[in-house]
Amino acid sequence: QVQLVESGGGLVQAGGSLRLSCAASGRTFSINTMSWFRQAPGKEREFVAAVKRSDGSTYYTDSVKGRFTISRDNAKNTVWLQMNSLKPEDTAVYYCAATQYYSATYHGGAYEYWGQGTQVTVSS
């Protein structure tokens, strides 16, 4: 089993920045992909960004490209999501997710492990 704990959410004005952290524990050696998803009220959960544990490859949804950066530290079993130039439409609960599958990236159904979520609110 793998446990994921997110932190770093909060309230920020439009144009501001936040940095989310996700700390993994347990059978972390089994993880190949770690990602961030988000879910806004009344909307479906959507993919935000992913990073591959082995080679550091990164993937982003189009709406956050150039504004968000995902990074990882394998030694610390931690993944970060640096969010800059935040917009009100970025408001959501952000979830960290992990999977043993290297090929899994964009689809939440492929992830076995999820954190509890952290709220990000961007005011206009």
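The values are calculated or read from the model by the stated rules, or taken from the named source; none is laboratory data. What you see is a predicted model, and the numbers here were worked out from it, not measured in a lab. All Cβ positions, even for glycine, are placed from backbone atoms using ideal geometry, and neighbour counts span all protein chains on display. Protein only, heavy atoms only, side chains kept; ligands, DNA and RNA dropped before computing areas. Shrake-Rupley method; radii C 1.70, N 1.55, O 1.52, S 1.80 Å.
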In the stretch 75-86, is there at least one residue being polar (S, T, N, Q), closer than 16 Å to Y113 by Cα and within 10 Å of the chain's Cα centre (by Cα)? no
The stretch 41-62, residues that are open to solvent by 60 Å² or more (accessible area, probe 1.4 Å), polar (S, T, N, Q) and out of contact with any strand residue (DSSP E or B) (no Cβ under 6 Å at 6 or more places or on another chain): S54
Need a quick list: strands (runs of 3 or more DSSP E) entirely within the stretch 19-124 having at least 3 residues that are in contact (Cβ under 8 Å) with a residue 12 or more places away in the chain and aliphatic (A, V, I, L, M). 46-52, 78-83, 92-99
Going through the stretch 91-118 in order, the residues found to be under 16 Å from E6 (Cα atoms) and open to solvent by 90 Å² or more (accessible area, probe 1.4 Å) are Q116
Quick check on my filter: what residues within the stretch 1-35 are surrounded by 14 or more Cβ atoms within 10 Å (Cβ to Cβ), closer than 17 Å to K52 by Cβ and not β-branched (V, I, T)? L4, C22, A24, S30, N32, M34, S35
